[in-house]
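Student: Could you have a look at this structure, given as structure tokens, before my questions?
The values are calculated or read from the model by the stated rules, or taken from the named source; none is laboratory data. Quick caveat: nothing in here was measured; it's all calculated off a predicted structure. Just the protein is used for accessible areas: all its heavy atoms, side chains included, with ligands, DNA and RNA removed. Shrake-Rupley method; radii C 1.70, N 1.55, O 1.52, S 1.80 Å.
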Amino acid sequence: MIPCAKCGFENHEDANFCSRCGSRLLHVDPSETTVTYTPLPTEDGGVTQLPVGPRFVPLLLIRAGGGREGEEIALDADLLTIGRNPESHLFLDDVTVSRHHARIIRDATGFVVEDLNSLNGTYVNRRRVERHHLVDGDELQIGKFKLAYLEPLES
């Protein structure tokens, strides 16, 4: 059994999300770590800090749903598939999400979200859409997940 870090509920070992509160269950497997980074000391004995700077690519920010609030998905490719299929670029694990629910594609003017004939629909700013050109601040709803589309701060 795996205890939920948020509510303490004991979940089945093969669960990815808590059955009580929906939070993502953390499965820590050190063999899955592919890269580790140890900062080198500076000349004055301090530690080199990684630069924190502006976003240079558009992104989706998960605002609500599935215990994934705050997660950012960079739109750094021409295609992002969204669905309940684990092979999707953005896997949303919820029964209200179709296996192949939607996709976001880059066109000449920016990014477009397209619904893929999903059962529950894709919504942008609370309106059901088949296809919609995204602008900064748009709110997407896919199943119980609410995501914000954010343009880069600098180009």
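Student: Find how much the distance from E114 to R127 grows on full extension, using 0.36 nm per residue of separation minus their present alpha carbon separation; answer in nm with one decimal. Don't skip to the end; give the middle numbers.
Tutor: Details: separation 13, 0.36 × 13 = 4.68 nm, distance 1.32 nm.
Value of the extension gain: 3.4 nm.
Student: Just the accessible area per residue of region 56-126, please: how many Å² with a 1.4 Å probe?
Tutor: I get 52 Å² per residue for region 56-126.
Student: Turning to a different aspect of this structure: Tabulate in residue order the Karplus-calculated ³J(HN,Hα) for region 4-19, using 6.51 cos²θ - 1.76 cosθ + 1.60 with θ = phi - 60°, rounded to whole Hz; enter x for Gly and Pro.
Tutor: Once θ is set to phi - 60°, the couplings for region 4-19 become 6, 5, 8, 10, x, 5, 7, 9, 4, 4, 8, 6, 9, 10, 5, 5 Hz.
Student: Taking all protein chains in place and a 1.4 Å probe, what share, in percent, of the accessible surface of region 78-155 do carbon and sulfur account for?
Tutor: Taking all protein chains in place, region 78-155 shows 47 percent carbon and sulfur surface.
Student: Please list, ordered by chain and number, the residues whose modelled amide H lies under 5 Å from the amide H of T122; skip anything fewer than 5 residues away on the same chain.
Tutor: Result for T122 returns V129.
Student: Same structure again: Find the relative contact order for region 56-114 and round it to a whole percent, using C-alpha pairs within less than 8 Å whose residues are 6+ positions apart.
Tutor: Reported relative contact order: 24 percent.
Student: For E10 and D136, compute 0.36 nm times the residue count separating them, minus their Cα-Cα distance, and round to one decimal in nm.
Tutor: Working: separation 126, 0.36 × 126 = 45.36 nm, distance 4.01 nm.
Going from the current span to full extension adds 41.3 nm.
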